[in-house]
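Participant: One structure follows; several queries about it will come next.
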Amino acid sequence: ALEEPRRGVAVRLAGECGLRSGEVVMVRPDHLYRDDEAGLFVQVPEGKGDKYREVPIPSGLAEVVKALGHGREADPIVDVSTRSLRNWMTEARDELVDQDERWQFVTFHDLRRSWAGWLASDEVELGVAIRWGGWADLETAMNHYRSRATAKAQAREREKVPWL
């Protein structure tokens, strides 16, 4: 439903990096960097509250960002308003709701929430998740990070209870 390259990158930056809509529209190719110990990251120079943060980015997504920004490394890849991002998501949602009515409730911010849930399911240490997610406090982080009780997470936790 999001075949146009900029739309796909926008969704991937939110869903695979946990970026907020206001952060997605600021990402430029020159925000990508590699830390020799920790891997490939995307910088968020002015995230929510004008706070700097760094988030891991999958190498395939980084390559798409580089390719779309070739020759204009200092320009945003998804050069639209946050309202446009929400409109894109609404269009995709309306197209997908025909296949599954649960899509009618999905918002752009749900991509970030899902990312946080996947971190939890993969047992990323909470302090690292808070740093990557840029949450201001533990309560906010926990609302997103621990809100997703996937089947995998439930099975893992069930194994910890010997009498079940």
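The values are calculated or read from the model by the stated rules, or taken from the named source; none is laboratory data. Bear in mind that the values here come from a model prediction, so they are computed numbers and not experimental data. Because the Cβ atoms are built from the backbone with ideal geometry, glycine has one as well, and the counts that use them run over all protein chains shown. Heavy atoms of the whole protein, side chains included, go into the accessibility calculation; ligands, DNA and RNA do not. Shrake-Rupley method; radii C 1.70, N 1.55, O 1.52, S 1.80 Å.
Participant: Rounded to the nearest angstrom and ordered from largest down, what semi-axes does the equivalent ellipsoid of segment 1-160 get from its C-alpha gyration tensor (root of 5λ)?
Facilitator: So the three semi-axes of segment 1-160 are 25, 22, 14 Å.
Participant: In addition: If I take R0 = 22 Å and measure r between the Cβ atoms of Asp30 and Val128 in this structure, what FRET efficiency does the formula 1/(1 + (r/R0)^6) give, to the nearest 0.05?
Facilitator: 0.35
Participant: Rounded to the nearest 500, what is the 222 nm mean residue ellipticity of the chain from helices alone, with -39500 (n - 2.57) per DSSP H run of 4+ residues and division by all residues?
Facilitator: Rounded to the nearest 500, it is -14000 deg cm²/dmol.
Participant: Then there's this: Find the accessible area per residue for segment 1-91; the probe is 1.4 Å, ligands and nucleic acids are left out, and the unit is Å².
Facilitator: With the other protein chains kept in place, segment 1-91 gives 51 Å² per residue.
Participant: Let me check I've understood the local charge: for Glu101, count other residues with C-beta under 14 angstrom from its C-beta, Lys and Arg +1, Asp and Glu -1. What total comes out?
Facilitator: -2
Participant: Shifting gears a bit: Would you work out which of Ser59, Ala92, Leu138 lies farthest towards the positive end of the dipole of segment 44-164? Charges go on Cβ: Lys and Arg +1, Asp and Glu -1.
Facilitator: Value computed over the given set: Leu138.
Participant: Find how many whole Å separate the alpha carbon centroid of segment 67-99 from the alpha carbon centroid of segment 8-43.
Facilitator: Here the two parts' Cα centres lie 14 Å apart.
Participant: Another one. At Phe105 and Arg86, where each label point lies 7 Å from the Cα along Cα→Cβ, what is the point-to-point distance in nanometres?
Facilitator: In this crude label model, Phe105 to Arg86 measures out at 2.0 nm.
Participant: For segment 31-137, give the magnitude of the charge dipole about the Cα centre (Cβ charges: +1 Lys/Arg, -1 Asp/Glu; no others), in debye to the nearest 20.
Facilitator: Dipole magnitude for segment 31-137 comes out near 300 debye.
Participant: Moving on to the next point. Whose amide H sits under 5 Å from the amide H of Arg53, counting only residues 5 or more places off or on another chain, with H placed in the peptide plane?
Facilitator: Val44, Gly47
Participant: Taking only C-alpha pairs under 8 Å that are 6+ residues apart, what is the relative contact order of segment 1-142 in percent?
Facilitator: Value for segment 1-142: 30 percent.
Participant: Taking θ = phi - 60°, what integer Hz values does the Karplus form 6.51 cos²θ - 1.76 cosθ + 1.60 yield along segment 102-110, in sequence order, with x for Gly and Pro?
Facilitator: Calculated HN-Hα couplings, in order: 5, 5, 4, 9, 7, 10, 4, 5, 5 Hz.
Participant: Here's something else I'd like to know. Straight-line reach from Lys48: which lysines have Cα under 26 Å away, leaving out those fewer than 8 places along the same chain?
Facilitator: The qualifying lysines are Lys66.
Participant: Evaluate the Debye formula for segment 59-116 with equal point scatterers sitting on the alpha carbons, no solvent, and hand back log10 of I(q)/I(0) at q = 0.24 Å⁻¹, in q order, two decimals.
Facilitator: Per q value, in the given order, log10 I(q)/I(0) is -1.00.
Participant: With springs only between Cα atoms under 10 Å, which of Asp30, Asp94, Asp137 fluctuates most in a Gaussian network model of the chain?
Facilitator: Greatest mean-square fluctuation among the candidates belongs to Asp137.
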